[in-house]
Structure formats: structure tokens, C-alpha cells
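Below: the structure, in C-alpha cells.
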Amino acid sequence: MVRLKNVAVTYPALRITYADTEFPKNAVTIVTGRNGAGKTTLLKAVGGLIGHEGEIAKEGFATLHFQDPVVFDRSVYQNIVYPLEIRGRDVRAYDERIHEYARLMSLEEKLHENAKELSAGQKMKTSLLRSVVFEPDILLLDEPTTYLDIESIEELKTLVNTLKNKMTIILVCHDRAFNEAVGDGVYHVGG
Amino acid sequence: MIWEGLKTAFELLVSFDWEIYQIILLSLAISLSATLAAGVPGVLFGILVSIGRFKGKRLVKLLLFTFMGVPPVVMGLVVLLLAVGPLRPFNLVFTRTAMFLAQFLLVLPIIAGSIVISSERTQVRILETATTLGARRRQKVTLLIKETKPFIFMSLILGFSRAIAEVGAVMLVGGNIKGETRVMTTFIAMNTSMGQFGTSIAMGGILLLLAFLIHLSLSPFRRDFYG
């Protein structure tokens, strides 16, 4: 769960205010709004990457998946297990889950290739799996369909629907069909 | 004349004249040590400027980029003034230490600045990614250094290239003393001024050959950089 109360973010020439709300657990909330309305800013504020006024109450750890993510100079598998390693978790215990998710996203055959050498779409999938493998309490997805082909978007729908019963998901996406397939609620930013 | 120079270069190398080899070795030693010494603070400063959010960052970057273009002869002058001024007790004038110091100061902003220019955006994104995945401070630093390696390598190569090729600073503070502070570039400048163009071209060729061999020897270790 994520709760916003009197939240505002101020840039040098812009101040964005957000209506009070609560993003429920085990559901996907779609954040809508025009370009520049402050959708990504909201995700960054919830993810703790930028300062804000007001109160953002979070139940658990929030991870943000960027629209233009970076992959590390190592194999796809090593990229995916990074958040497990830094938490000191036993990577072998997650092996089955990693393969299951990788299979779901058609990335299983690429697991041992260097992530830097993959296509933009495959890099996107790698970073998506890296963000979800440790099953964060709150998952913030910023335009996750960017770079993905139609088949991959279908795979992502399945992944998000699989994950949504385990966490709070806040999603910014301009793909209406995708939003309709995975969304449980809508939160509008701006105007 | 160029053909003549290349012939002279070959003759210089096979003559096994100790003076020539001493000049080559001294050039390499000073430039390499100055680059490596400047590498640690330069890389750290470059990373701090890249990822730091602080007041005056723009000014720091402007100054850093300005110092990347300082003419070597000006840097030599600064070191010379320091050597005859506050650092006088250390007897630095016309010494190898002064040459090292001048090249160190010359290369430092090049290393730091090139890190900022080439990878500021990448570094910020790596840091944000690590943060959002839950990395702690030390884990972030480790990841940042690992992922910035190609840029660090490139900045060191740039720094070394600048150091080995410059003549103004080492000429001013080293004095081009035979057997003591004479390096390849000052040797070339001296022979050119004496009208011995063939010898100058020869040493220039050796300098280029050395630079090529250094890159050739490094290339297997950094395929991301050399392809």
C-alpha cells in the first residue's frame, strides 16, 4: 500500500501537486496524465529518488523500473540476481523463479549472454526481471512497454498479472490496451 | 625528408645508443607515473562531480573543462614559479620531480573532465538503478566503479596521451638536460631548432610507434574500448 497526503514536488520552474490517495495492495493502479504532468516524478518521489513535500506512507520496499533502464556489464542472469546478491540472499533458492520468469518473457535462452550486447527490448526484459525477482512490496513501472514488440507486451501482461497478487503496482503507461488488460484502478495526475 | 627520418629512426633504434634508450625510458616513466598518480584523484573527482548534487556544480564543471585545455607551457610556468617560490627548499627546478609534477597537474583535469563528459548521465542512471534496487552505499560505489570501468580506462588513455605528447611543460621545468631531464618531445624540439629535421622525424616516429604499441598491448584486455 502507498498513501499520498498533501504531496507536492517542486522543480526550479515548476511545482506539481498530487491529490491525496491510497494505492491499494495486490492491485495495479494506472497513473494517467498529459506529457509533463508529473507521472514519472510521482514514481520517483514514491521510489525515494527525489525530495517532496507532504507525506508518502509506504508499506514495505518500493523499487522503480525506469522507462530507459540500464543493464549492467554482465550476463542477463547476473543482472537479474543483483538485487538478491546485495540482500545477501541465496541465489540458488531463486533459480526456479528466475527460469520461470525468463521463460515467460522469452529470455531463457539469453540468460548467459552479456546483457549489454542484447537488443533494446531484451535489455528492457532483463531489467524488468531484475526489478521483480526479489518481489518488492511496491513495484513502480514507468512505461514498461517501451521497446517491446507485440508478443513481448503480451508476455509482460501475463507477468504483471502474475505479480499483482503479491505487491502494490503503480504503472505509468500510454498503451491503452495494456492498461485495460492489467489495471485495477486509475489515478489521474494534473488538471 | 620523411623517408630519411624513418631511416634515421631505424638507425637510432638499432644503434643501441644508451642516450636514445634513456630518453625513451624517461619519457615513458614520467608520463606513465604522472598519469597513474593523477588517475586516483582524477577518477574520484570526476565521479563525485558526475553524481554529486551540490550548489555551484555548474561552475565546478566549467572550471574543470577550462583546465582540460590549459596549455602545457602555462602549466610549466606555474610549476616553475612554485619551484622558485614556495617550493624553493625542495630544489625542484630542472628536475624529474618537477616534470612529474607538471604532467600530474596537466593530466588531472583531463582525467576528471573526460569522466564527467563521457559518463555523467550513465553514472547517475547506474546510481539511481542501484538505489531503487536497494543497494547500500558501499554496494553502490562498487557497482559504479565496475560499470564505469570503460570510461575510467578511456580517461587514463587520454591523460597518458596528453602527457607523453606534451613538450612545453617538461621543457620549462625540466630544462632538457642531457642524461637528466631530456625526454622524447624536448629532444624533438631541440633537434628541430638545430635544423636536424631527420633526427626529429625519427624520434617523432619512435614516439608514435610507442603509443601504438601501448594501445596494441592493452587492446586484448579492453575489447569494449578497442572493439
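The values are calculated or read from the model by the stated rules, or taken from the named source; none is laboratory data. Here the structure is a predicted model, which means the values were calculated and not measured. We place every Cβ from the backbone using ideal geometry, glycine too, and count neighbours over all the protein chains shown. Accessible surface is based on the protein model in full, side chains and every heavy atom, while ligands, DNA and RNA are left aside. Shrake-Rupley method; radii C 1.70, N 1.55, O 1.52, S 1.80 Å.
Values computed for the structure shown
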read-out: Residue in region A:116-128 that is modelled with pLDDT under 95 and within 12 Å of chain B (Cβ to nearest Cβ) present; value: yes
read-out: Condition met for B:Ile152 (within 30 Å of A:Arg87 (Cβ to Cβ), more than 11 Å from chain A (Cβ to nearest Cβ) and open to solvent by 50 Å² or more (accessible area, probe 1.4 Å)); value: no
read-out: Only listed residue being under 14 Å from the mean Cα position of the chain (by Cα), assigned to a helix (DSSP H, G or I) and basic (Lys, Arg), chosen from A:Lys125, A:Lys116; value: A:Lys125
read-out: Residue list for region B:131-149, filter: free of Cβ contacts under 8 Å to residues at least 40 places away in the same chain and open to solvent by less than 40 Å² (accessible area, probe 1.4 Å); value: B:Thr132, B:Leu133, B:Gly134, B:Ala135, B:Leu143, B:Glu147
read-out: Cβ pairs under 8 Å, 6+ apart, first in region A:71-94 and more than 19 Å from A:Ser106 (Cβ to Cβ) and more than 14 Å from chain B (Cβ to nearest Cβ), second part of a helix (DSSP H, G or I) and charged (D, E, K, R); value: A:Val91/A:Glu85
read-out: Yes/no for B:Leu12 being open to solvent by 20 Å² or more (accessible area, probe 1.4 Å), assigned to a helix (DSSP H, G or I) and within 20 Å of B:Ser200 (Cβ to Cβ); value: yes
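A quick yes/no check of all residues on (1) part of a loop (DSSP other than H, G, I, E, B); (2) at positive phi; (3) surrounded by fewer than 18 Cβ atoms within 10 Å (Cβ to Cβ); (4) not polar (S, T, N, Q):
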position	(1), (2), (3), (4)
B:Leu172	no, no, no, yes
B:Lys178	yes, no, yes, yes
B:Thr192	no, no, yes, no
B:Ser200	no, no, no, no
B:Gly204	no, no, no, yes
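Results for (1) assigned to a loop (DSSP other than H, G, I, E, B); (2) in contact with a Cys (Cβ under 6 Å, 6 or more places away or on another chain); (3) touching a residue at least 12 places away in the same chain (Cβ under 8 Å), shown as yes or no for each residue.
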| position | (1), (2), (3) |
| --- | --- |
| B:Leu64 | no, no, yes |
| B:Val78 | no, no, yes |
| B:Val93 | yes, no, yes |
| B:Leu101 | no, no, yes |
| B:Phe104 | no, no, yes |
| B:Ile115 | no, no, yes |
| B:Glu120 | no, no, yes |
| B:Thr129 | no, no, no |
